[in-house]
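Throughout, read-outs are computed from the coordinates displayed, never taken from laboratory work. What you see is a predicted model; the values in this text were computed from it and never measured. Quick reminder, even Gly has a Cβ in these numbers, built from the backbone with ideal geometry, and neighbours come from all protein chains shown.
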Amino acid sequence: MKKIIRSLFLVLFMSSILPGAMAQQKYATISFDELTHNFGTFKEENGSVTCTFSFTNTGSIPLVINRVTASCGCTSPAWSREPVVPGGKGYVEATYNPKNRPGKFSKSLTVYSNAAKRAVVLKIQGEVAPRERTVKDIYPYQIGNVRFKSNHLAFVRINQGEKKTIQLQIINTSKKNQTLSFDQVPEHIHIIATPETLKPQQKGYIEATYDAGIINDWGFVIDRIRVLCNNRAIGDNRLTISATIVEDFSSMTAEELANAAKIEFVDGKTFNFGKIDQKSKVEHDFVFKNAGKSDLIIRKIKSSCGCTAVSPKDKVIKPGKSSSIKAIFSSGTRKGMQNKSITIITNDPKNSRIILRVTGEVKKSGT
């Protein structure tokens with residue numbers, strides 16, 4: 001009975017002191033007038049729009065906003081930098097930049113403070129009516145008085161031996177005729193302008209044909225061609241032409257695939273050299289074998305950086321035989337973490353393109 005009385009007394013005692021203890025705890029509380037703002041529809045050409053989210057500190061101690069982060073670089077926040085006293089008001093401002101962002105949008109800002117609720121999410125919404133596109137928007141690259149939709153003709157993927165043709169739109173923005181011609185054109189590319197002479201404000205196109213049967217190369221290949229306007233070279237007047245030349249294995253039968261070459265790396269495809277000093281070298285042999293039933297052919301080897309030299313021991317490896325690819329990394333004046341890649345092109349239908357990696361850390365001299 002005494003134990004029951006003591007327990008009841010303890011409960012009554014705690015009940016009497018708990019409200020006082022709770023009352024002694026003080027908080028800042030951030031109370032926004034609204035959590036979402038809709039800008040409605042506005043024109044892109046009118047530029048950035050801004051809204052202000054007002055709040056009140058309904059807590060009992062000063063409120064401090066530590067930071068505000070936006071979900072996108074298109075949204076710039078600003079906020080009350082000074083502490084907001086209890087009962088006082090503050091703001092968080094959001095500015096949205098619509099440039100090159102037509103259409104509907106919904107972005108968020110996260111407000112971090114010393115309030116009891118540490119993070120509050122605000123949202124802005126709206127729709128950007130696109131501005132009318134100018135000639136400069138449609139044809140952003142200029143050579144002389146002719147503007148181009150791009151300065152790059154990308155053939156993307158093309159089979160070895162295949163021919164492919166693509167076009168690039170152009171316009172003469174001057175008041176005089178402009179005749180286009182091309183210089184330093186490699187044998188595997190044929191390129192013409194149609195029409196060859198553009199009248200003032202006339203549109204046309206450049207047509208390029210890539211012959212992958214002429215070029216003796218594999219993988220990603222880049223050429224740069226000089227453009228002449230009225231037989232003159234003006235400024236940065238080059239077009240970049242790229243293609244990824246691959247072997248077409250799609251017509252191989254199941255039996256041919258089963259009897260094809262097969263490359264297997266013995267110790268993996270990544271070499272980590274750990275830590276080395278500046279102006280030093282490390283070497284590594286990537287050992288592999290031909291686990292297939294036909295000759296394995298190394299078509300091409302290319303490193304991502306001139307700091308990494310690569311050379312194959314053999315270019316043709318018989319079935320069941322092993323070989324290696326030597327990689328030499330020169331640290332030079334580089335410092336910090338390094339991640340270099342080596343691209344291998346083979347006739348293995350299942351591994352025609354392989355990436356090897358050389359990684360590690362270069363220590364700064366004197367450390």
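Counting only the backbone N, which residues of segment 195-220 are under 13 Å from the spot 7 Å out from the Cα of Tyr141 toward its beta-carbon? Within reach of a label on Tyr141, which here means backbone N under 13 Å from a point 7 Å along Cα→Cβ, segment 195-220 contributes 206-208. For segment 212-217, the Karplus equation 6.51 cos²θ - 1.76 cosθ + 1.60, evaluated at θ = phi - 60°, returns couplings of 6, x, 8, 6, 9, 8 Hz by residue, with Gly and Pro reported as x.
Dipole of segment 159-312 computed with +1 at Lys/Arg Cβ and -1 at Asp/Glu Cβ about the Cα centre; of Ala212, Val185, Ser251, farthest Cα towards the positive end is Val185. Across segment 212-229, the residues whose backbone nitrogen lies under 20 Å from the label position 7 Å along the beta-carbon direction of Thr240 are 218-228. Full extension of the chain segment joining Asn230 with Lys275 gains 10.6 nm, where the gain is 0.36 nm per residue of separation less the Cα-Cα distance. For segment 16-109, GluC sites (Glu not before Pro) are listed when DSSP marks them as loop and at most 13 other Cβ atoms sit within 10 Å of their Cβ; the list is Glu34. Taking the convex hull of the alpha carbon positions in segment 254-363 and averaging its projected area over all directions gives 6.3 nm².
In whole Å, how far is the Cα centre of segment 194-254 from that of segment 67-131? Between the Cα centre of segment 194-254 and that of segment 67-131, the gap is 46 Å.
With contacts taken as Cα pairs under 8 Å at a separation of at least 6 residues, the chain carries a relative contact order of 11 percent.
Of the residues Leu239, Leu35, Leu168, which exhibits the maximal mean-square fluctuation in a Gaussian network model of the chain defined by a 10 Å Cα contact cut-off? Looking only at Leu239, Leu35, Leu168, the biggest GNM fluctuation is shown by Leu35. For Lys99 and Ser341, the difference between the fully extended length at 0.36 nm per residue and the C-alpha to C-alpha distance is 83.5 nm.
Relative contact order, whole percent, for segment 254-363 stands at 34, derived from Cα pairs under 8 Å and 6 or more residues apart.
For segment 256-263, backbone phi angles converted through the Karplus equation (6.51, -1.76, 1.60; θ = phi - 60°) give residue-by-residue couplings of 5, 5, 5, 9, 6, 5, 8, 9 Hz, Gly and Pro being listed as x.
Report the full-extension gain for the segment Lys199 to Tyr112: residue separation times 0.36 nm, less the Cα-Cα distance, to one decimal in nm.
25.3 nm
All other residues whose Cβ lies under 14 angstrom from that of Ile317 are scored, Lys and Arg at +1 and Asp and Glu at -1, for a net of +4. The share of Cα pairs per 10 Å bin across the chain, counted from zero up to the longest distance, runs 4, 14, 13, 14, 19, 17, 9, 5, 3, 2, 0, 0 percent. Across Ala154, Ala291, Ala129, mean-square fluctuation computed from a Gaussian network of the chain (C-alpha pairs under 10 Å connected) peaks at Ala129. If you take all other residues with their beta carbon under 12 Å from the beta carbon of Asn237, and give Lys and Arg +1 and Asp and Glu -1, the sum is +2.
Under a cut-off of 14 Å between alpha-carbon atoms, report the aspartates and glutamates in cross-link reach of Lys279, not counting same-chain residues fewer than 8 places apart. Cα-Cα hits under 14 Å: Glu361.
Using the Cβ of Glu207 as centre and a radius below 13 Å, the other residues enclosed give a net charge of +1, where K and R count +1 and D and E count -1. Arranged from fewest to most other beta-carbon atoms within 10 Å of their beta carbon, Met337, Met252 become Met337, Met252. Highest mobility in the GNM of the chain, judged by mean-square fluctuation with C-alpha springs under 10 Å and restricted to Val156, Val111, Val316, is found for Val111.
Working note: Karplus 6.51/-1.76/1.60 with θ = phi - 60° gives segment 83-99 the couplings x, 9, 5, x, x, x, 10, x, 8, 10, 10, 10, 10, 10, 9, x, 4 Hz, where Gly and Pro are set to x.
The relative contact order of segment 135-246, computed from alpha carbon pairs under 8 Å that lie at least 6 residues apart in sequence, is 33 percent.
What distance in nm separates the two pseudo spin-label positions at Ser330 and Cys74, each 7 Å out from Cα along the beta-carbon direction? Simple spin-label model gives 4.6 nm for this pair. With the simple model of a label 7 Å out from the Cα in the direction of the Cβ, Ser181 to Ser31 spans 8.0 nm.
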